[in-house]
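These notes are about the structure you will find just below.
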Amino acid sequence: MQILAIRWPKGRRTETRQGSAMTRTAIIERKTKETQIKAELNLDGSGVYRISTGIGFFDHMLTLFTVHGLMDCELSAAGDIDVDYHHTVEDVGLVLGDAVAQALGDHSGIQRYGNAMIPMDDALAQVTVDLSNRPYLVFRLPDKMPNQNEFDASLATEFLRAFAQRCGMNLHITVPYGENWHHMIEAVFKGLGRSLRSAVTKDARVTGVPSTKGAL
């Protein structure tokens with residue numbers, strides 16, 4: 001079993017942000033010498049999407065994440081994909097993570113935790129989320145992996161690492177088996193959307209921040 005476990009220090013870089021706590025929306029822009037990215041996110045949406053990163057398979061994965069998360073997401077990215085996909089994939093993760101964090105605000109009233117077990121034909125993925133503001137990623141894949149496409153396990157890891165870091169997410173993903181890489185990673189992105197959907201859902205019984213410490 002391949003295992004990746006990563007913890008990051010707290011703190012986020014400042015970028016252009018707009019948000020509304022009432023509607024749980026955010027607009028994030030990031031411009032560097034390598035990428036130019038803008039994302040508009042509504043956590044309380046219906047799965048409406050408009051996504052263009054220049055990487056077709058990545059667009060497909062982000063679409064699945066959005067639809068199964070019942071978010072509305074408009075995302076455009078232009079990056080140095082003539083070099084490779086690394087910078088664009090990682091920076092999209094940073095921007096989407098910032099958008100989730102901005103839209104969530106102080107986390108008041110949310111369920112905080114989410115879990116999804118997603119089958120996709122020959123593959124199975126379990127994704128568990130804690131919006132704890134303590135970023136940590138565990139991503140486990142089978143020791144024996146099928147052939148992968150250009151969006152391989154290393155790129156998936158870069159996205160997941162950046163996303164978890166910037167939205168303050170404790171994220172555990174296990175894919176115990178699978179014969180087709182497309183099916184394996186598709187189950188992961190669907191599970192990520194579904195588990196995040198549960199975690200950000202408001203619960204009328206939760207007063208304030210869902211933590212016995214009184215803060216996240």
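The values are calculated or read from the model by the stated rules, or taken from the named source; none is laboratory data. As the structure is a prediction and not an experimental result, all values here were calculated from the model. Here Cβ is always computed from backbone atoms with ideal geometry, including for glycine, and neighbour counts include all displayed protein chains. Protein only, heavy atoms only, side chains kept; ligands, DNA and RNA dropped before computing areas. Shrake-Rupley method; radii C 1.70, N 1.55, O 1.52, S 1.80 Å.
Restricting to DSSP loop positions (anything but H, G, I, E, B) with no more than 10 other Cβ atoms inside 10 Å of their own Cβ, which trypsin sites (Lys or Arg not before Pro) remain in region 98-174?
In loop regions of region 98-174 (DSSP not H, G, I, E or B), the sparsely surrounded trypsin sites (Lys or Arg not before Pro) are LYS144.
For a quick check, take a GNM of the chain with Cα springs below 10 Å and name the residue from MET120, MET71, MET169 with the largest mean-square fluctuation.
So, out of MET120, MET71, MET169, the one fluctuating most is MET120.
Can you return the lysines within cross-link range of LYS144? Criterion is Cα-Cα under 28 Å, with same-chain partners fewer than 8 residues away left out.
LYS190
Relative to the compact-globule scaling 2.2 N^0.38 Å, provide the ratio for the alpha-carbon radius of gyration of the chain.
Normalised Rg, Cα atoms only: 0.96.
Could you state the accessible area per residue of region 164-216 in Å², with a 1.4 Å probe and every protein chain left in place?
Here the residues of region 164-216 average 43 Å² of exposed surface.
Determine the sum of side-chain charges near SER154: Lys and Arg each +1, Asp and Glu each -1, restricted to other residues whose C-beta is under 13 angstrom from that of SER154.
Overall, the nearby charge balance is -4.
For a quick check, take a GNM of the chain with Cα springs below 10 Å and name the residue from LYS38, LYS190, LYS202 with the largest mean-square fluctuation.
Fluctuation is largest for LYS202.
Just want the answer: with Cβ charges of +1 for Lys and Arg and -1 for Asp and Glu, which residue in GLY54, MET184, PHE65 is farthest toward the dipole's positive end in the chain?
Of the options given, the answer is PHE65.
Per 10 Å bin, what percent of the C-alpha pairs of region 97-137 does each bin hold, from zero upward?
22, 44, 26, 8
Name the most mobile residue of LEU155, LEU41, LEU137, meaning the one with the largest mean-square fluctuation, in a Gaussian network model of the chain with Cα contacts below 10 Å.
Taking springs between Cα atoms under 10 Å, the residue moving most is LEU155.
What value in Å³ per residue do you get for the convex hull of the alpha-carbon atoms in region 151-216?
Convex hull of Cα atoms, per residue: 108 Å³.
Express the accessible area of region 74-144 per residue in Å², computed with a 1.4 Å probe while the remaining protein chains stay in the model.
39
Counting only protein heavy atoms and using a 1.4 Å probe, what share of the accessible area of region 99-163 belongs to carbon plus sulfur, as a whole percent?
Here it works out to 45 percent.
Under the rule of -39500 (n - 2.57) per DSSP H run of 4 or more residues, summed and divided by the residues of the chain, what mean residue ellipticity at 222 nm is obtained, to the nearest 500 deg cm²/dmol?
-10500 deg cm²/dmol
Do you know the relative contact order of the chain, to the nearest whole percent, from alpha carbon pairs under 8 angstrom that are 6+ apart?
26
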